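All of the numbers you see were taken from the coordinates with simple rules; none came from a lab. Note that the structure is predicted; figures quoted are calculated from it, not measured. Here the Cβ positions follow ideal geometry from the backbone for every residue, glycine too, while neighbour counts run over all protein chains shown.
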Amino acid sequence: MEIPPSFASYPRASQPGQSPAPRVVHIGQISTAWTMLKSDFGLWIGAVLVALIISYAINFLGAIVVALTAPGANTFQTGGFSPGLPLLSAILMLASYVVSGALGLTMTTGISWIGVQRLRGLSGAFSDIFTVGGAFKQVFGFYCLVHLVVYLPFLALPFASPNALGPVVIGWFGLLLVAMIAYPRWMLVPLVLIDQRVSIGQALSTSAQALKGQYLITFWVMFCASFLSGLGFIACFVGVLFTAGLVYLTPAVIYHDFFRRSAPVPLGSMGDFSTPPPPGG
């Protein structure tokens, strides 16, 4: 496959005629993501900015709806997570968080998918932020399920006493479990859904099998990528636009190292993890 000149400088895990790199997660993948980020700051800054604006706009509208249905809820300061919240407000709040969170992550997955395509020597397209490689419904559905499971304990708030902390503690503990246990195991699910055109169940299995035995290093690599991405806040918050893309491009590099293809595979086809990909594949 001939690589367009504009993407020739992009780092790649292997070149034609070379032995492919081992399928492992390592800290050097953050460096590769940073190289990609520097090579086209304009694209990544624009993509991150669009995704964040749309996500926060929907979240803000949801907060307004909750505030109107529950005037006493301190929605904008606490996120509405306070005991004694009316049931309707709690449901609306849950729907707002699920939709805005899922939409935001779906669009940032589009950023990761552009990164995968660039690593494969393909051009990618800014529109992939919205189409997500033609798998918008699948990826959005997956993130909705994740957010629904995470935020479900907060629906107990309307039935809790004003000083009850149980539902809040359980809810935030659920977020912690997702961050430390579920995420390292199923981090590649959205990109598998896009690239391999499989069901959510198959994507969960594919991601877990690919990262098996590497969950801890995956967590630390992504923790470091997130930390470095957040350093942009030091520069009066504006700098984050230059660094935020790192946390979205690092999964792209990891996925590319594990699944090296020049184009999406046919529907229902999955890679064989027991054998390495062909050189330059």
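Points worth noting:
- Net charge of Cβ neighbours under 15 Å - reference residue 126; Lys, Arg +1; Asp, Glu -1: -1
- Estimated FRET transfer efficiency when R0 is 51 angstrom, pair residue 91-residue 216 (beta carbons, to 0.05): 0.85
- Other residues whose C-beta falls under 13 angstrom from the C-beta of residue 213 contribute a net charge of +3, scoring Lys and Arg +1 and Asp and Glu -1.
- Ranked by the mean number of other Cβ atoms within 10 Å of their residues, highest first, the peptides 99-111, 204-216, 26-38 fall in the order 99-111, 26-38, 204-216.
- Remark: the residue 130-residue 61 segment gains 22.8 nm on full extension, using 0.36 nm per residue and subtracting the alpha carbon distance.
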